Amino acid sequence: MRFLKILASRGIAGISDCIIVATLALLFWFVAMSESQMKYLWAGLSCLGFVAAYLIYRVADRLHDGI
């Protein structure tokens, strides 16, 4: 059972890592590549991905600790 908890927590942490990579890609796109007049607003909103990734990582950390 402990092995499954560790495996599940690593999988959930991997999802968090994917969200961080996607957020960084969106930030790069909106700041450097986009021609929209609201590109800085969209870049700021894409930073919410960091918050989501942190919350998902906390779930993975709690699952790993057995809480």
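Miscellaneous remarks
- Among (1) surrounded by 13 or more Cβ atoms within 10 Å (Cβ to Cβ); (2) within 30 Å of residue 1 (Cα to Cα) - the single one residue 30 does not satisfy: (2)
- Residues within region 33-60 that are in a helix (DSSP H, G or I) and open to solvent by 70 Å² or more (accessible area, probe 1.4 Å), tallied: 13
- Any hit, region 40-48, residues being under 12 Å from the mean Cα position of the chain (by Cα) and not small (Gly, Ala, Ser): yes
The values are calculated or read from the model by the stated rules, or taken from the named source; none is laboratory data. Nothing here was measured: the structure is a model prediction, and the numbers come from that model. Heads up, the Cβs are rebuilt from the backbone with ideal geometry, glycines too, and the neighbour counts pull from every protein chain shown. In case anyone asks, the SASA skips ligands and DNA or RNA and just uses the protein heavy atoms, side chains included. Shrake-Rupley method; radii C 1.70, N 1.55, O 1.52, S 1.80 Å.
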